[in-house]
Amino acid sequence: MGMGTRARAIVGGGLAALGLAVFTAAPAWAAGDLVGQPTPGGLGLQPAASPLKVEAHHFHDFILMPIITAICLLVLGLLIWIVIRYNKKSNPTPARWSHNTLIEIVWTVVPVVILVFISLFSFRLLFAYHDMPTPDLTVKATGNQWNWAYEYPDQGIAEYISNMLPEDEARAQNVPYRLAADEPIVVPVGKTVRVLVTAADVIHAFALPAFGLKVDAVPGRVNETWFRADRTGVFYGQCSELCGVDHAFMPIQINVVTQAEFEAWVASRGGSMTPAAAPGGTAAQAAAGTQGEGARNIASDAAGAAAGAPSGQPPADTGAVDGSPSAGSAPAVPDTAAAPSAQ
């Protein structure tokens, strides 16, 4: 029995859509994907430039795509079979049953099994995003209406504003308009970069596809993500949360350079490659702070003994004229840290 008109239309439409997709993708296949930016007419994800994005590619290409393709083909096959087998011409007497218990159990259990299988790989990838290695560099990104502000606390580089590069300058520099920024983030290649993301006004989103980054920038909250670029180059992203009238003009540009170039850039910004010592930041710093506190307590005890004061308390201020402390000096407060040694 020949194929019905509706079935021929469905099959023909599917073949036409497939041909259109192949025709549209042909220029992209011939030219190759651009690194760090969208490829005109391209299909698929941007080329990966960090370990996290490599894992995301594997998850997409080898887990999600085969499952999605199999489900789409199964549904398409069922539709074609039902259209052909159960149309009015082939089946003039319609069936009168309303359900099938076995089929309903199957189409309930099978999706659950598929989702559990996907979750095993999805949770593994999510854990990799949260399991950040020891960072070599920290960048704070603050979303504003409508630009980004960046700060390097370890290098002492104060916050600076990054705006979209004007169209004439972008054309002159042969960089993508609405993706290039006048003040990009600069990081060294092969280093773990921690990005602290927040916002000053409304919710924004810090997203850069080549590194697999997408994290919300929420006012009053600091979110964290990380990446490690595996090659030098220029990589582009954008704000991915609708944040106002100029939402489309908040590009993110990350320049990945060599270590020597990064050090030169830090120096040009007035920063230093020697991180500022944070109290209690490391075990050595904590030990140094403890030793310093002990030395201060010993000195205080010695000074107190010389002035006739109990051990562990500072000596009385002898500069007072009427019994009150001299101007500019604080009243004596017992040193609670040293009190146990005085008992």
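Derived scalar couplings between HN and Hα for segment 83-99 equal 4, 7, 7, 10, 6, 5, 6, 7, 9, x, 9, x, 5, 10, 7, 9, 7 Hz in order, rounded to whole Hz, by the Karplus curve 6.51 cos²θ - 1.76 cosθ + 1.60 (θ = phi - 60°), x for Gly and Pro.
In terms of its C-alpha gyration tensor, segment 27-106 has an oblate overall shape, because the principal axis ratio a/c (a ≥ b ≥ c, square roots of the eigenvalues) is not below 1.5 and a/b does not outweigh b/c. Net charge of the neighbourhood of Ala48, taken over other residues with C-beta under 11 Å away and scored Lys/Arg +1, Asp/Glu -1, is -2.
What is segment 182-230 by shape, rounded, prolate or oblate, if you read a ≥ b ≥ c off the alpha carbon gyration tensor as root eigenvalues and call it rounded for a/c under 1.5, prolate for a/b larger than b/c, and oblate otherwise? Prolate shape, in that a/c is at least 1.5 and a/b is the bigger ratio. Secondary structure note: in segment 133-213, about 60% of the DSSP beta bridges are antiparallel. For trypsin sites (Lys or Arg not before Pro), the sites in segment 90-141 that DSSP calls loop and that have at most 11 other Cβ atoms within 10 Å are Arg96.
How many Å² of accessible area per residue for segment 194-243, probe 1.4 Å?
Per-residue accessible area for segment 194-243 comes out at 41 Å².
Would you please give the FRET efficiency between Thr93 and Ser119, computed as 1/(1 + (r/R0)^6) with r the Cβ-Cβ distance and R0 = 51 Å, to the nearest 0.05? E(calc), rounded to 0.05, equals 0.70.
Close amide H partners of Gln238, meaning residues 5 or more places away or on another chain with modelled amide H under 5 Å apart, are Ala207, Ile252. Across segment 176-185, computed HN-Hα scalar couplings (Karplus, 6.51 cos²θ - 1.76 cosθ + 1.60, θ = phi - 60°) run x, 5, 6, 10, 7, 10, 6, 10, x, 6 Hz from first to last residue, x flagging Gly and Pro.
Annotation for segment 134-208 versus segment 63-125: alpha-carbon center distance of 46 Å.
The values are calculated or read from the model by the stated rules, or taken from the named source; none is laboratory data. Just so we're clear, the structure is a prediction, and the values are computed from it rather than from any experiment. Because the Cβ atoms are built from the backbone with ideal geometry, glycine has one as well, and the counts that use them run over all protein chains shown. Keep in mind that these areas ignore ligands, DNA and RNA; they rest on the heavy atoms of the full protein, side chains included. Shrake-Rupley method; radii C 1.70, N 1.55, O 1.52, S 1.80 Å.
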